[in-house]
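The values are calculated or read from the model by the stated rules, or taken from the named source; none is laboratory data. The structure displayed is predicted, hence computed values, not measured ones. No Cβ is skipped: glycine too gets one built from the backbone with ideal geometry, and neighbour counts run over all protein chains shown.
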Amino acid sequence: MIQLQNLAIRRGSRALFQHASMQIHPGWKVGLTGVNGAGKSSLFAALLGQLSADEGELIRPQTWTVAHMAQEIEALDVTALDFVLAGDDEYWSIWQQLQHSDHLTTDQLAHLHGRFDEIHGYAAPARAAQLLAGLGFLEQQLSHTVKSFSGGWRMRLNLARTLMSRSDLLLLDEPTNHLDLDAILWLEDWLKAYSGTLVLISHDRDFLDAVTDHILHIENSELTLYTGNYSTFETTRSERLAQHQQAFEKQQETRAHLQKFIDRFKAKATKARQAQSRIKQLERMQTLAPAHVDTPFTFSFREPSKMSSPLLMLHDASIGYAGKLIAEKINLQITPSTRLGLLGMNGAGKSTLIKSLVGDLPLLAGERQASELLNIGYFAQHQMDALDDQASPMLQLARIADKSISEAALRSFLGSFGFSGERMDTPCQSFSGGERARLALSLIVWQRPNVLILDEPTNHLDLDMRHALTMALQDFDGAVVLVSHERQLIASVCDDLLLVHGGKCSAFEGDLQDYAKWLREARQQHINAQNALQQSQSPEIKVQKVDKEAQRKEAARRRELTRPIRKNIEKIESQIEKIQPRLLQIDEQLADTALYEAQRKDDLLKLMNEQSELKTQLGQLEEQMLELMMELETLEEGFQE
């Protein structure tokens, strides 16, 4: 188990948390939560052994294999499949040795083959391919090099590599940030079946609810462990804060009463003794802090300046890019009351449809009709990338604001998005992903759009900002078209669901639970289709697979035939290893001249008899081992023939 014993970790002079004592038992799935900067990443570093405690101890079993998802990945010239396979360190090491086995002895080869079989090495490529498929990679992409993938897809590769490890402790920091909904649902199923201990940082409430059974929350420099998923944690924490606030208020009343008595009577001789007693009571009283709840972001979308209906239409549209058809015969009408969530498997065409609605991609066929009053607020990853890195939030907002708007009004607006003080005037080149997302969102909100088209707007946003965005979208007076892996956001904002699948766009009848069921069935159908395709592969490929399986079985058969001989050799070697040190010890004793005195005659005879017996045993054992090794060599030569 993992044990925290009076643990404290500091950043400079500030304590991230202190006096933390608890146990995390094997098999627990723990969600690590807290505001940005609370110390979640520092605790991860401590679990990895990369950060030492300032006080106390963090103890975890040294024999555990720890898997941790890296946040960056180099542009490597290796295939996606090999990159993921290398996540299983032992498999990859044995595989590399077997690929370059010329310098290995027969014994070493036999040991490697035996261990490879024990860790199910022959099934590892299939396991890696399943991980990649679950995370949205197509079969033909498995042979593509890592450097050919974009940053978001490389993060998926990192996640697959981490999951490939046969770990005892799995540490995941925001694993859903670069995933779409179908990949997240697959990951949920995978993590629920994971047998090791999981510690997970995530801002996705539904994901935490589905996966975790404990929540470790960092707040007010304290670590508190709650039993249950995130929803249970919220309820328990609310009750705990309410009780704490009541205790604080009661204590404040008591302190005020004591202080009043002291102030009134400490100067009176007849009451001095009682006053001193009250002073000591006040000094002994442990001071409680008021219940603290982190102040959430609050903002609202400005009322659209102009409106018409419909605002945007696609009529019998075909969408795609570079002449490649993605979906066709699309008829879609966006009105001010539209609240539309787009669903579909990875690569089905959700982002292509959004870009076609915005006008970034021309239609391959059909017609796009936009109202003269159409004002689209479009949020996507490239909007964050398009921010002026050399300009501050204030400067970028001032560029699009009317000159008559006061600086105070602009600062107040930015403050609602979490920018305060000097951060408003800091060039955004140093901003985190969350800050860039908030800035891009604020610039969209300021322009008073009547249609919001949002492609994964919650990436990089923490729980408070996600909640604020949900509330603002619910009150927005215009139309919303949304792609998001945040199920709560879709459920709270969208009235209708549109499924992009199989080259078509059609209304999805059902809720997100029905969609999750549909995804699992669609994934199984895809697996069945892949299996059918493999069965119909060319004879050459089948022969290769049969040969490989035959080689594995033959290697296992040979190990089975030679196992009794090897065991006898190991047994004899063990006996020899016990005899040789004793003989050396006897030789040292016989070199002692005092042993040859008359009164030590019996000791001398005893040692010499023991020496003679041991040498006889040693000779017999060496002869037996020589015969067994010759037998083993003859048997292995027969295999070669």
May I ask you to list the residues in segment 304-348 that are under 28 Å from Val445 (Cβ atoms), in a loop (DSSP other than H, G, I, E, B) and small (Gly, Ala, Ser)?
-> Ser305, Ser308, Ser309, Ser337, Gly344
Unique residue being assigned to a helix (DSSP H, G or I), outside the structural domain of Thr106 (by TED's automatic domain parsing), without any contact (Cβ under 8 Å) to a residue 12 or more places away in the chain and more than 24 Å from Asp107 (Cβ to Cβ) when the list is Leu595, Leu605 | Leu605
Note down all Cβ pairs under 6 Å where the first residue falls in segment 153-171 and is under 14 Å from Trp190 (Cα atoms) and in contact (Cβ under 8 Å) with a residue 40 or more places away in the chain, the second is of a type in the set (S, T, N, Q) and surrounded by fewer than 23 Cβ atoms within 10 Å (Cβ to Cβ), and they're at least six residues apart or on different chains.
-> Ser167/Thr65
Might you let me know whether segment 130-145 holds any residue that is touching a helix residue (DSSP H, G or I) at 6+ places or on another chain (Cβ under 6 Å), in a helix (DSSP H, G or I) and without any contact (Cβ under 8 Å) to a residue 40 or more places away in the chain?
-> no
So how many residues does segment 369-394 have that are surrounded by 12 or more Cβ atoms within 10 Å (Cβ to Cβ) and over 30 Å from His178 (Cα atoms)?
-> 5
Scanning for something closer than 24 Å to Arg115 by Cβ, surrounded by fewer than 11 Cβ atoms within 10 Å (Cβ to Cβ) and at pLDDT 75 or above, does segment 575-587 turn up at least one residue?
-> yes
Sort out which residues of segment 15-59 are over 25 Å from Phe233 (Cα atoms) and charged (D, E, K, R), and write them in order of number.
-> Asp54, Glu55, Glu57
Which ones in segment 212-238 are out of contact with any Phe, Trp or Tyr (no Cβ under 7 Å at 6 or more places or on another chain) and surrounded by 21 or more Cβ atoms within 10 Å (Cβ to Cβ)?
-> Leu216, Tyr230
Has segment 58-72 got at least one residue that is in contact (Cβ under 8 Å) with a residue 24 or more places away in the chain, surrounded by fewer than 16 Cβ atoms within 10 Å (Cβ to Cβ) and not in a loop (DSSP other than H, G, I, E, B)?
-> yes
Please work out which residue is surrounded by the fewest Cβ atoms within 10 Å (Cβ to Cβ), limiting yourself to segment 302-322 and to residues that are of a type in the set (A, V, I, L, M, F, W, C) and modelled with pLDDT of 90 or more.
-> Met313
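In this structure, does Asp477 turn out to be at pLDDT 85 or above, in the same structural domain as Gly434 (by TED's automatic domain parsing) and either buried (at least 17 other Cβ atoms within 10 Å of the Cβ) or more than 27 Å from Pro125 (Cα to Cα) (or both)? So that I can check it myself, show each step before the final result.
Numbers: at pLDDT 85 or above: yes; in the same structural domain as Gly434 (by TED's automatic domain parsing): yes; either buried (at least 17 other Cβ atoms within 10 Å of the Cβ) or more than 27 Å from Pro125 (Cα to Cα) (or both): yes.
Against the criterion (at pLDDT 85 or above, in the same structural domain as Gly434 (by TED's automatic domain parsing) and either buried (at least 17 other Cβ atoms within 10 Å of the Cβ) or more than 27 Å from Pro125 (Cα to Cα) (or both)), Asp477 qualifies.
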Ile2 fails exactly one of the following numbered conditions: (1) free of Cβ contacts under 8 Å to residues at least 12 places away in the same chain; (2) in contact with a Pro (Cβ under 9 Å, 6 or more places away or on another chain). What is the number of that condition?
-> (1)
Tally, over segment 461-502, of residues that are β-branched (Val, Ile, Thr) and farther than 18 Å from Gln333 by Cβ = 4
Exactly one of Leu325, Leu343 is in contact (Cβ under 8 Å) with a residue 40 or more places away in the chain and surrounded by fewer than 17 Cβ atoms within 10 Å (Cβ to Cβ), and that one is Leu325
Please tell me if Leu48 is surrounded by 14 or more Cβ atoms within 10 Å (Cβ to Cβ), under 14 Å from Leu169 (Cβ atoms) and touching a residue at least 12 places away in the same chain (Cβ under 8 Å).
-> no
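Just to be sure, is Ser612 over 22 Å from Gly114 (Cβ atoms), part of a helix (DSSP H, G or I) and among the small types (Gly, Ala, Ser)? Full working, then the answer.
Working: over 22 Å from Gly114 (Cβ atoms): yes; part of a helix (DSSP H, G or I): yes; among the small types (Gly, Ala, Ser): yes.
So Ser612 fits the description; yes.
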Does Leu473 qualify as being in contact (Cβ under 8 Å) with a residue 60 or more places away in the chain and in contact with a Cys (Cβ under 7 Å, 6 or more places away or on another chain)?
-> no
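Hey, among the residues in segment 154-195 that are in a helix (DSSP H, G or I) and modelled with pLDDT under 85, which one's surrounded by the fewest Cβ atoms within 10 Å (Cβ to Cβ)? Before the answer, list the steps.
At the first step, the residues of segment 154-195 found to be in a helix (DSSP H, G or I) are 154-164, 181-193.
Imposing the further condition that a residue be modelled with pLDDT under 85 reduces the set to 181-182.
Details: Leu181: 27, Asp182: 25.
Step by step, filter segment 154-195, then rank; the result is Asp182.
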